[in-house]
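FYI, it's all coordinate maths here, none of it is from the lab. Please read these numbers as outputs of a predicted model, since none were measured by experiment. Here the Cβ positions follow ideal geometry from the backbone for every residue, glycine too, while neighbour counts run over all protein chains shown.
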Amino acid sequence: MKSFNKILIANRSEIAVRIIRSAQELGIETVAIFSSADEEGLHVELADEAYFLGESIELSDTYLNIDKIIEIAKESGCEAIHPGYGFLAENPEFVAACEKENIVFIGPNTRAIQLMGNKVESRAFVQKIGIPMTAGVTGDTKTLLREAKSIPLPILVKAAAGGGGKGMRIVRDLKDLPEILESTSREAKSYFGDGTVFIEKYVEEPRHIEVQVIGDNYGNVVHLFERECSIQRRYQKIIEESPSPTLTPAVREKMGAAAVKIAKEIGYNNAGTVEFLVDKDLNFYFLEMNTRVQVEHPVTEMVTEVDIVMEQILIAAGNKLSFTQEELYQDGHAIECRIYAEDPSNNFLPSPGEMSLYVEPEGDDIRIDTGIFEATTIQSFYDPMISKLIVWGQDRELARNKMIAALENYSIHGIKTNISYLLQVLQNEDYIQNKISTKYCDEHTEDLIDLAIQEKSVKDRNIPALAYLVYSLHEDLLYDNTEEYSIWKEIGYWRDQMEVKIACDDYLLNVEIKKSENGIFNFFVGDMEYDATLLAMEYGLIEIDFNGEDEFFYISKDTRGQGYVSYDGFIFDVKRNDMLVQEDVFGTLDTAGKDGGEIVSPMPGKVIKVNVSGGQSVKKGEILMVVEAMKMENNILAPKDGKVEAVKVKAGDMVNGSKELVKLSD
């Protein structure tokens, strides 16, 4: 078997960790690269060597700096570079730079990347070889505006060099087309270095189903079956599964054959994914081909038992595929959930910041791909994905239930995440019955969030977690978990009965505590009485007997004194209201001044567009500027009618969560 001695991973976080693990299994040394924001990243710790990319946080100076990455590869003696996904994974210039220095690029050939990397050219190519496709229009802005009328609404504006859900906008009224063309082109230029866009027919209620392909340098190409990726929010996949519950065996075979045909026609020689839209009648249409490993590749690995990353490395080293099409099969069902740092209740606003607790679920057939191993700070400079949680079960229902249990035991405190939202999707009857489309989340998000809030509120009023909150906020319980000293001993020195005021989310609770015999404590919350006995306590985890029933909770407290309690997949914000708070340490930050005149950034990010200037009159809801955070454009809106007194930033400025952007006057 041919192999490499040392490879460089031109990426970061979970995909870099994922590549390192497969390389280690092959006995290959690894070299990591890192920016100043990633100095404590898990990929840096796991690699045999790690090289600093410099103090700048700009991607052009770090993970997109081809010259610097090639220089590190040469200096460290690497024979090959694995790009992961994103960044330089589909950049022909990077491939050319590798070839120039006799460094093997662990990915497909340049022709495949160039052809499939441009959506306009790839559509034309695939149409020639007889693969079904939706109607589309290409050309400059004038051409698009003129020819858009030839395609029935709705239409989709897409970045020619796009991918990963970026650079896509739906148009339902042609009067919106000019603005959408501009914003999509701007986003495309920002993320892909190419502002070219095109238009295609938007398929109503489509399914997004993709086929994993892999080929070697000897003309062998196979598919590893399909993944259902229809659960998306704003075109970004959040839940993927394999096999697809939508396809019939006949359609599955046809789609697999179509994907292999495309790959063979372009001489594809590594791992890639052919994506299709599938309508309600199971007609499928070519969407695009991603010439790299996909974020969601683990669900395919779980049902085929093929290590896709390892196969990538071996193919690049000059080996033939280690299996044939006939040897491949799907076993059981796998589901992947992407865990994002975002706030579902606040329009999914990115939620960078410092974690106060990070605990992963454990169990058979549970896999977590992540770039962290403990509570850390989530930066605003990169994608908001914290991890990928993947489970396997004998069938879809078993896998679904296992995923629900895993999410309920995934505790992340200090920042907002989408875990509760994912739980609602997985428990929704439409998901269970597979009555979904790529629009499902966007059309039902408000309902799903309301259900999550309602269920959490019921728990707030009804579960023994309320009594537990008293314990969770005591510093000794939070920070000292030794047997020699704990709150359960110190509480004995309190007076026989005391009252504590607890703020829990939007509730203010009066909790009376009374110690009885044998270490049992009585809690009175309103008319409810609980007997509580501590059973176990370790890092963040508490097990308590409530009225004869064992209950498990995770607790933590952040640097501002805010406490958190996880129970049943929900996180409760809790704080002792009978304790003094040091204002200069625990003060809060509003997103605007008291009169709404001083508008500050709601998150750290980069100003990419300013729409107003001093002296300009604006209406409530008008977009003042656009701030990019975690690869997402966020519109900063005027909170009221008024006049712009001053604009405090310009396009290109980096801002934090307290930076004043605009000052408005009445």
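Would you mind counting up the charge near residue 6? Only other residues with Cβ under 11 Å from its Cβ, with Lys and Arg at +1 and Asp and Glu at -1.
-4
Most exposed first by the Cβ proxy, i.e. fewest other Cβ within 10 Å, how do 446, 40 rank?
446, 40
Would you calculate a helix-derived [θ] at 222 nm for the chain, using -39,500 (n - 2.57) for each DSSP H run of n ≥ 4 and dividing by the full residue count, to the nearest 500?
That comes out to -8000 deg cm²/dmol.
On C-alpha positions alone, give me the angle between the axis of helix 249-265 and the longest principal axis of the chain, in degrees, nearest 10.
Tilt of helix 249-265: around 60 degrees.
Distance check, please: which entries in 119/606; 416/456; 416/619; 119/149; 175/663 exceed 26 angstrom between their Cα atoms?
119/606; 416/619; 175/663
What is the dipole size for the stretch 333-461, taken about its Cα centre, with +1 at each Lys and Arg Cβ and -1 at each Asp and Glu Cβ, in debye to the nearest 20?
It comes to approximately 40 debye.
Which of the GluC sites (Glu not before Pro) found in the stretch 240-311 are in a DSSP loop and have at most 15 neighbouring Cβ atoms, other than their own, within 10 Å?
Answer in residue order: 305.
Search the structure for amide H atoms under 5 Å from the amide H of residue 197, placed 1.01 Å from N in the peptide plane, and list their residues when 5 or more places away or on another chain.
Placed amide hydrogens put 160 under 5 Å from residue 197.
Defining a contact as two alpha carbons under 8 Å apart and six or more residues distant in sequence, what relative contact order in percent does the chain show?
Relative contact order of the chain: 9 percent.
Quick check: residue separation of residue 129 and residue 305 times 0.36 nm, minus the Cα distance between them. What number comes out in nm?
Difference between extended and current length: 60.2 nm.
Rounded to the nearest Å, what's the spacing between the alpha carbon centres of the stretch 325-396 and the stretch 276-290? Just the number, please.
What the calculation gives is 26 Å, centre to centre.
So how strong a dipole does the chain carry about its Cα centre when Lys and Arg Cβ are +1 and Asp and Glu Cβ are -1, to the nearest 20 debye?
Around 3260 debye, computed over the chain.
Can you put 619, 575 in order, fewest other beta carbons within 10 Å first?
619, 575
Would you compute the Debye intensity of the stretch 1-158 from its alpha-carbon atoms alone, equal scatterers and no solvent, and pass along log10 I(q)/I(0) at q = 0.11, 0.15, 0.19 Å⁻¹ to two decimals?
Scattering profile of the stretch 1-158, log10 relative to I(0): -0.56, -0.82, -1.08.
On a C-alpha basis, how far is the centre of the stretch 78-96 from the centre of the stretch 179-205 in Å? Whole number, if you could?
24 Å
On a 0 to 90 degree scale, rounded to 10, what angle separates helix 440-462 from the longest Cα axis of the chain?
Roughly 20 degrees, rounded to the nearest 10.
Could you state the angle between the C-alpha long axis of helix 177-192 and the longest principal axis of the C-alpha atoms of the chain, as a value from 0 to 90 degrees rounded to the nearest 10?
Taking the Cα atoms of the chain, the angle to 177-192 is about 90 degrees.
Can you give the net charge of the other residues whose Cβ lies under 10 Å from the Cβ of residue 641, counting K and R as +1 and D and E as -1?
The answer is +2.
Can you put 351, 56 in order of Cβ neighbours within 10 angstrom, beginning with the fewest?
56, 351
Once you keep just the Cα pairs under 8 angstrom separated by 6 or more residues, what percentage relative contact order results for the stretch 169-270?
22 percent
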